[in-house]
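Everything on this sheet refers to the single structure shown next.
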Amino acid sequence: MTTISPSLLAADFLDLRSEIERLNHASNIWLHLDIMDSHFVPNLTFGEVVVKNLKHVTEHKLDAHFMVTNPEFFIENFKDVGLYNFSFHWEALTHHDRFIQRAKELYPSVGISLNPSTPISVIPEYIFSKIDLVLIMSVNPGFGGQKFIPEVTQKVRDLDALKKKLGLNFVIQVDGGVTDQTAPDLIAAGANNLVAGSYVFSHPQKDYTKRIESLR
Ligand code: DX5
Ligand code: ZN
């Protein structure tokens, strides 16, 4: 079954507790937390103090997507807040191998995120056996509510073929512009985790579980 990761970026930040409680009955979801530093991307969201408090109101796995220039700083700072997955942008780092070793000591799951224009081929094949997830961005990171970039579907297909060739089991996550219109092709292409912000949180009656199920 496809895991859905509702992105809190689209939730009501003034009423986060209720927003998260509305997701408590959904099954097989991760809470996607977009951490932005106003440097790697032109936007700023929230930090470890907020995440630590979220942990008190949900039992869902916390899936953090770090859109930051200095992931080395953030892996240390977030180590005690209860994250399940830590995804960093490949583009932000030089010493990927060393970083992944450290991240694996601190988090149950480690993910590599790629911007739309970054090809899969930047990642050496041996690295895939060391990580748990690859996040394929289907919009340019920084903002919710953007239009899905259709060329990304082929990238997902290529990544799935590579995963099969290597005999690996990492999660293929897609993030940006995911709706009930774009999800079916992504699932067919091999994605097994879909991030969705505005599509989930724009339900007029706030029936987020319904939106989540419609993506599957
Ligand atoms: C964008 C973020 C996404 C964003 C997705 O930089 O990484 O997680 O919240 O929002 P939607 O689903 O509205 O495109
Ligand atoms: Zn994200």
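Every number in this text was worked out from the coordinates using simple rules, so none of it is lab data. Since the structure is predicted, the reported quantities are computational estimates derived from the model, not experimental observations. For neighbour counting, all protein chains shown are included, and Cβ atoms are generated from backbone atoms with ideal geometry for every residue, glycine included.
Computed per residue of the chain from DSSP H runs no shorter than four, each worth -39500 (n - 2.57), the mean residue ellipticity at 222 nm is -8000 deg cm²/dmol.
W30 sits among other residues whose Cβ lies under 10 Å from its own Cβ, and their net charge, with Lys and Arg +1 and Asp and Glu -1, is 0.
What the Cα convex hull of the stretch 3-215 gives, in volume per residue, is 112 Å³. Beta bridges from DSSP with both residues in the chain: antiparallel share about 5 percent, rounded to the nearest 5.
When the chain is treated as a GNM with alpha-carbon contacts under 10 Å, the residue of L16, L186, L114 showing the greatest mean-square fluctuation is L16.
Exposure proxy for Y107, Y126: other Cβ atoms within 10 Å of each Cβ, ordered fewest to most, give Y126, Y107.
Exposure proxy for L9, L106, L135, L83: other Cβ atoms within 10 Å of each Cβ, ordered fewest to most, give L106, L9, L83, L135. Of all lysines in the structure, the ones whose alpha carbon falls short of 16 Å from that of K163, not counting any fewer than 8 places away in one chain, are K130, K155. Among the GluC sites (Glu not before Pro) within the stretch 84-167, which fall in a DSSP loop and have no more than 16 other Cβ atoms within 10 Å of their own Cβ? Taking the stretch 84-167 and a limit of 16 other Cβ atoms within 10 Å, the loop GluC sites (Glu not before Pro) found are E151. When S121, S7 are sorted by how many other C-beta atoms sit within 10 angstrom of their C-beta, beginning with the fewest, the order is S121, S7.
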